[in-house]
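A.B. asks: The structure under discussion is supplied below as structure tokens; questions concerning it will follow.
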Amino acid sequence: MNQETKLTGKPLVDESEPAKAPNKARRIALLLLVPLLLLAGGAWMWWSGQGKVETDNAQVKQDITSVGAQVSGPIAEVFVKEGQQVRPGQLLFRIDPAPYRVALLQAEAQLAQAQLAEREVVTKAAGTGADIIGAQGQLTIAQRSLDRQSELLRQGFTTRVNYDAALAQVTAARTKLAEARADAANAQSAIAPTGDQPGEQAARAAIAQARLNLARTDVRAPSAGVVSNTERLLPGQQAVPGIGLLSLVGAGDSWIEANFKEKDLAKMAPGQRARVKIDAYPGLEITGRVASIGAGTGSEFAILPAQNANGNWVKVTQRVPVRIRFDGKPAKPMIAGLSAAVTVEVED
């Protein structure tokens, strides 16, 4: 026995030895528990992912129409504002119509001038008929005189000079008749066989174009929707054809455009059920169905598609747009461009 045993009368116990066993067992349990939890989590994720495909690369889509002017000119009046609901045919803004009214007056003046020219042509054609009749009469008289001179010359009661003069008068009358007939033909060819003269038709077309341009100075809504993107819609702003001045968000149905990985397409088909969660509305889950699967990947419709012919090729998983239609009207307003997450049940 050592000194401490002698003092206490009890054998000395090393308390650190019993404590080591529980600590070691706890460490072993923790080392085994973590892999088991990871395996269990992986198994649960694998099992929960069976029968469905998911993506968070999705957005709310609506029909958006860019509205611009079809004729150029400064904006004179604006009749709508940002966020306003409009109906089809409602007046949105007006371009200064003064230059187009002047163009219409000019076209109408051209029509009047063309109609006057047409009357002149018709009158001239009618006059050529009288010229032909007069030339035919002169030829008849000259021919009779020639016949008399011929008979008198045969009987010896006139001279050869008088006969030649009568013959010259017949020749001149025939030439005048031919000229009259040519003038008549020319005058008739200047008259259109049916309808108006070409000049008059061109003038009427100019009037129609001028009236159309004048009507286009009033820009109206092509469909019902909500006015948006009106930063450039200001009085005095120059309107240029082909450049939108506002956007009209359609008041019709909304849908989801979800971009799924290409490897998920083999499992997907139109009609499968889908669940949609909108990031802007936590807790809201909307049901729908797959309406269609895109005919091309997103990169194929890009402005500058990727070119893989240079040899520096890296395989990238492509995504294909899939349209999801809602079952009924969602409880919250659908705003174009909102982010969403989509789960499609592919077991259907």
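We did not get these values from a lab; they are worked out from the coordinates using the rules stated. Because the structure is a prediction, the values reported are computed rather than measured. Glycine also receives a Cβ, built like all others from the backbone with ideal geometry; neighbour counts cover every protein chain displayed.
A.B. asks: Pop out the ³J(HN,Hα) list for the stretch 288-296 in order, Karplus 6.51 cos²θ - 1.76 cosθ + 1.60 with θ = phi - 60°, rounded to Hz; leave Gly and Pro as x.
C.D. replies: Rounded to whole hertz, the list is x, 9, 5, 8, 7, 10, x, 8, x.
A.B. asks: Continuing with the same structure: Could you sort 284-291, 271-278 so that the peptide with the highest average Cβ count within 10 Å comes first and the rest follow in order? It would help to have the intermediate numbers written out before the result.
C.D. replies: On the way: 284-291: 16.8, 271-278: 18.4.
Descending packing order for the listed peptides: 271-278, 284-291.
A.B. asks: Beyond 23 Å between alpha-carbons counts as too far, so tell me which of 267/329; 81/277; 52/263; 261/315; 261/332 fall in that bin.
C.D. replies: Values: 267/329 27 Å; 81/277 31 Å; 52/263 13 Å; 261/315 13 Å; 261/332 28 Å.
Flagged as over cut-off: 267/329; 81/277; 261/332.
A.B. asks: OK, next. Given H placed on each backbone N at 1.01 Å, which residues far from residue 229 in sequence or on other chains put an amide H within less than 5 Å of it?
C.D. replies: 247
A.B. asks: While we're on this one: Please list 52-62, 208-218, 330-340 highest first by mean number of surrounding beta-carbon atoms within 10 Å per residue.
C.D. replies: The packing order, highest mean first, is 52-62, 208-218, 330-340.
A.B. asks: Given 0.36 nm per residue, what is the gain on full extension from residue 112 to residue 302 after removing their alpha carbon distance, in nm? Don't skip to the end; give the middle numbers.
C.D. replies: Values: separation 190, 0.36 × 190 = 68.40 nm, distance 5.38 nm.
That pair, residue 112 and residue 302, stretches by 63.0 nm at full extension.
A.B. asks: Okay, moving on. Sort 222-229, 235-242 for me by packing, meaning the mean count of neighbouring Cβ atoms within 10 Å per residue, highest on top.
C.D. replies: Working: 222-229: 16.9, 235-242: 12.8.
Highest-to-lowest ranking by the protection proxy: 222-229, 235-242.
A.B. asks: With each pseudo-label sitting 7 Å past Cα toward Cβ, what's the residue 293-residue 64 distance in nm, one decimal?
C.D. replies: Distance between label points: 2.8 nm.
A.B. asks: What's the FRET efficiency of residue 182 with residue 119 using the Cβ-Cβ distance as r and R₀ = 22 Å, to the nearest 0.05?
C.D. replies: Numbers: r = 22 Å, r/R0 = 1.02.
Given R0 = 22 Å and the Cβ-Cβ separation, E is 0.45.
A.B. asks: Here is a follow-up. Just to be sure I understand the model, the point goes 7 Å from the Cα along the line to the Cβ. What's the resulting residue 91 to residue 144 distance in nm?
C.D. replies: 7.7
A.B. asks: Follow-up question, since we're still on this one. From the phi angles alone, apply the Karplus equation (6.51, -1.76, 1.60; θ = phi - 60°) to the stretch 239-249 and give each ³J(HN,Hα) in whole Hz, x where the residue is Gly or Pro.
C.D. replies: Here the 3J(HN,Hα) series is 8, 10, x, x, 10, x, 10, 7, 10, 10, 7 Hz.
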